[in-house]
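S.K.: Just dropping this structure here.
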């Protein structure tokens, strides 16, 4: 086969260090989400939907063949952290958590995941980030040790 083709969708989730609620206002969240989408696109990982709340973000992207998942997440977190710190001294203490979760999404479920990400504010009125993340890990059959998931 002379052509290499792909269609890989990812749902990536990561939080602020210690889940500190840095992004408390809807305006700040919109600016951050737009910036993260831009970073994804610069990495050739087409951003389909970016959302989240004060202490974490969700990225729905299409991963190209030219970058690994680890490189994608590392660069997204690195570039967005630098950007925040350059904006204002108030961000000097900002850090993303060291870890992250990445889950595959079938093409037939992209729309459903988009809607899920769009409803984050409503969703987190009743569910904490920790509860949500545990549910994702369990739903996707990812074994984990609670002692090492949170930082």
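Quick note: the coordinates plus some simple rules give every number you see, no bench work behind them. Just so we're clear, the structure is a prediction, and the values are computed from it rather than from any experiment. Cβ placement follows ideal geometry from the backbone for every residue including glycine, while neighbour counts extend to all protein chains displayed.
S.K.: State, as an integer percentage, the relative contact order of the range 8-149 based on alpha-carbon contacts under 8 Å between residues 6 or more apart.
M.R.: Values: 184 pairs, mean separation 45.3, N = 142.
Once normalised by length, the contact order is 32 percent.
S.K.: When the chain is treated as a GNM, springs tying every alpha-carbon pair under 10 Å, which of 19, 65, 30 comes out with the largest mean-square fluctuation?
M.R.: For the chain, modelled as a Gaussian network with Cα springs under 10 Å, the answer is 65.
S.K.: How would 77, 17 line up from fewest to most surrounding beta-carbon atoms within 10 angstrom?
M.R.: On the way: 77 20, 17 15.
Listing 77, 17 from fewest to most nearby Cβ atoms yields 17, 77.
S.K.: When 117, 69 are ordered from fewest to most other Cβ atoms inside 10 Å of their Cβ, what list results?
M.R.: Sorted ascending by nearby Cβ count, the order is 69, 117.
S.K.: Considering the values (1) 121; (2) 201; (3) 138, which represents volume of the Cα convex hull per residue in Å³ as calculated for the structure under consideration?
M.R.: (1)
S.K.: Ranking request for peptides 46-53, 32-39: highest mean number of other beta-carbon atoms within 10 Å first, then the rest in descending order.
M.R.: Values: 46-53: 20.5, 32-39: 18.5.
Those peptides, ordered most packed to least, come out 46-53, 32-39.
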